[in-house]
Amino acid sequence: MLTYMSILIGFLLDLALGDPKWMPHPVRLIGRAVSAMEKRLRKWFPKTEKGERAAGLCLAVLVPVIVLILSAELMWLCFKVTPALYMVVQALLCWQCLAMKDLRGESTKVQKALEEGDLEKARKQVSRIVGRDTEELSSAGVARAAVETVAENFSDGVIAPLLCMLVGGAPLALTYKAINTMDSMVGYKNEKYLHFGRAAAKLDDAANWLPSRFSAFLWMLSAGLTGNSLKGAFRIWKRDRRKHASPNAGQTEAACAGSLGIRLAGPISYFGEPVEKEYIGDPDRDIRTSDIRKTNRMMLVGSFLCLFLGLAIRFLVCYYNDWILI
């Protein structure tokens, strides 16, 4: 039952406190480790296409394996000292693997700026949570960017790490975060990372394949529970989930667009360069500032659904197989 309590406490801590800037964060430590390993691997391997791919493959294997081993060893040592320490440390690590509070908080700041009529402030605020150019976005464009960010990060910022906790506690959740962090640092299709980051990007796609689809299912249920359109979410998810460059990001974006009856994605700009993207959803109506609030509500309801369903399934599996609950 210690792991159950750790997951629940970590979930509630994130919901209440988010990610305090003053607090040391394991993801930042992982990021520094990725940077250090990248420098060494680039020195050790030849600067050719095959050499860079081999170096990137080593990085993609070493980072998650090292994180899994070290975090599992930490949990084992804590349990040997006292079960109470095990529960406290695991709860803290679970807390730091989730992003519900930050997703809701940052997007709500965008919403408030739009409600105040301060478009410039809204553009600056949304630039903190998206990678696209925001200087020329209209009010609708800013609201769309915020909604898309919450919908997309629902999977890799909440549901994927939560599922990992439910299966393998904090060590597996941290391993997932290591894969996600590594991809965000080297998984680019530019000159520097096209070959070196290939393995990390593929590994991240694989790690998110199941969570992203389960997240879309949760989003549909959340839509029905919050007065939005479950039927619309399913229809657009079924039709448009593959209209995204990522094999996973389009899952929740499509469900979100359908649940609200709006159109997401479409042409955007990165670093001054226009990028053509397919639209996701139908333009049944114009996007509104209030859609940010509705999106956050569905994100939170879906998170609670995942927690309760996961804990119940984990308990039943252990109970009927006579496994020891730690």
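The values are calculated or read from the model by the stated rules, or taken from the named source; none is laboratory data. Keep in mind the model is a prediction, meaning the values are calculated, not measured. Because the Cβ atoms are built from the backbone with ideal geometry, glycine has one as well, and the counts that use them run over all protein chains shown. Only protein heavy atoms, including side chains, enter the accessible area calculation; ligands, DNA and RNA are left aside. Shrake-Rupley method; radii C 1.70, N 1.55, O 1.52, S 1.80 Å.
Per-residue surface analysis assigns Glu148 an accessible area of about 10 Å², computed on protein heavy atoms at 1.4 Å probe radius. Membrane-span-like helices of the chain, defined as complete DSSP H segments with a Cα extent of 18 Å or more along the helix axis and a mean Kyte hydropathy of at least -0.5, are identified as 2-17, 26-44, 49-81, 83-96, 139-154, 160-186, 198-225, 290-320.
Count charges around Pro283 for me, please; just the other residues with Cβ under 12 Å from its Cβ, Lys/Arg as +1, Asp/Glu as -1. Result for the local shell: 0. The loop-placed chymotrypsin sites (Phe, Trp or Tyr not before Pro) in the range 42-109, going by DSSP, include none that has at most 13 neighbouring Cβ atoms within 10 Å of its Cβ. Of Val167, Val63, the residue with the largest accessible area leads and the full order is Val167, Val63 (1.4 Å probe). Which Cα, out of Ser139, Phe196, Leu85, lies furthest along the positive dipole direction of the chain (beta carbon charges, K/R +1, D/E -1)? So the residue furthest toward the plus end is Phe196.
Centre-to-centre separation between the Cα atoms of the range 218-245 and those of the range 40-106: 32 Å. Quick one: go through the range 185-213 and flag any residue whose amide nitrogen is under 20 Å from the point 7 Å out along the Cα-to-Cβ line of Lys39. Inside the label zone: 185-187, 192-193, 196-197.
Mean sequence separation of contacting Cα pairs (under 8 Å, at least six apart), scaled by the length of the chain, corresponds to a relative contact order of 20 percent. Each peptide in 273-286, 181-194 receives the mean, over its residues, of other Cβ atoms within 10 Å, and ordering these scores from highest gives 181-194, 273-286. Using the Cβ-Cβ distance between Ile66 and Tyr279 with R0 set to 51 Å, the FRET efficiency from 1/(1 + (r/R0)^6) comes to roughly 0.80. Using the Stokes-Einstein relation with a Kirkwood hydrodynamic radius computed over Cα pairs, the translational diffusion coefficient of the range 1-93 at 10 °C and a viscosity of 1.306 mPa s comes to 102 µm²/s.
Residues in the chain average 50 Å² of solvent-accessible surface per residue, probe 1.4 Å, ligands and nucleic acids excluded. Modelled this way, with points 7 Å down the Cα-to-C-beta line, the labels at Met1 and Met23 are 2.5 nm from one another.
Using a probe of 1.4 angstrom, how much of the accessible area of the chain is carbon and sulfur, in percent? Using a 1.4 Å probe with all protein chains present, the chain comes out at 63 percent carbon and sulfur. Each Lys and Arg Cβ is given +1 and each Asp and Glu Cβ -1; about its Cα centre, the chain then shows a dipole of about 420 debye.
Per-residue ellipticity at 222 nm from helix content only, as computed over the chain with -39500 (n - 2.57) for each DSSP H run of at least four residues, stands at -24500 deg cm²/dmol. Treating the beta-carbon of each Lys and Arg as +1 and of each Asp and Glu as -1, no other charges, what is the dipole magnitude of the range 169-253 about its Cα centre, to the nearest 20 debye? It comes to approximately 360 debye.
Highest mean first, the peptides 116-129, 96-109, 237-250 sorted by other C-beta atoms within 10 Å per residue fall in the order 96-109, 237-250, 116-129.
Remark on Ser269: its backbone amide H falls under 5 Å from those of Asp133, Val275, a criterion applied only to residues 5 or more positions apart or on other chains, H modelled at 1.01 Å from N. For the range 152-284, the number of Lys pairs separated by eight or more positions or lying on different chains, with C-alpha atoms closer than 20 Å, is 9.
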